[in-house]
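All of the numbers you see were taken from the coordinates with simple rules; none came from a lab. This is a predicted model, so every value here is computed, not measured. Here the Cβ is made from the backbone with ideal geometry for all residues, glycine too, and neighbour counts use every protein chain on show.
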């Protein structure tokens, strides 16, 4: 599987699960007794997950017409960042262990690294 296919697959997976988790947040979390702040955090996680799903899909298109150097760093950083950032927020909103709190900003740092790496790759291409 080439990098373009990996990006498209990851983007599709993140998009699919963002829609499912967004629907769960909109229709099921209030019924479970979650507070407004927890539901708001959940929606933030869904939004960031969807943004990065779409970004990965766009990178997969770019990879089909060009081979920018350093793009694998972008893909890895976004994938790991979305998992850590959104995943930790989902778990925390559901009452997960407090030690997950520091995982969220680590995921955010990976997302930032991905965007910075994309900037460099775009400039170099």
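Details
- Gyration tensor (alpha-carbon) shape descriptor, the chain, a/c threshold 1.5: prolate
- Distance in nm between pseudo-label sites at residue 99 and residue 76 (7 Å out along the Cβ direction from Cα): 2.6 nm
- Multiplying the residue separation of residue 9 and residue 67 by 0.36 nm and removing their Cα-Cα distance gives an extension gain of 19.1 nm.
- Computed FRET value (nearest 0.05) for residue 20 with residue 58, which takes r as the C-beta separation and R₀ as 25 Å: 0.70
- Gain in span if fully extended, residue 47 to residue 2, counting 0.36 nm per residue against the direct Cα distance: 13.5 nm
- Using alpha-carbon coordinates, inclination of helix 71-93 to the longest axis of the chain, degrees: 0 degrees
- Principal-axis tilt of helix 3-27 within the chain, Cα atoms, nearest 10 degrees: 20 degrees
- Per-residue ellipticity at 222 nm, computed for the chain from helices alone with -39500 (n - 2.57) per DSSP H run of at least four residues, works out to -28500 deg cm²/dmol.
- Acute angle (nearest 10 degrees) that the helix 103-124 long axis makes with the longest principal axis of the chain, alpha-carbon atoms: 20 degrees
- Each part reduced to its alpha carbon centroid, segment 87-125 and segment 7-24 end up 16 Å apart.
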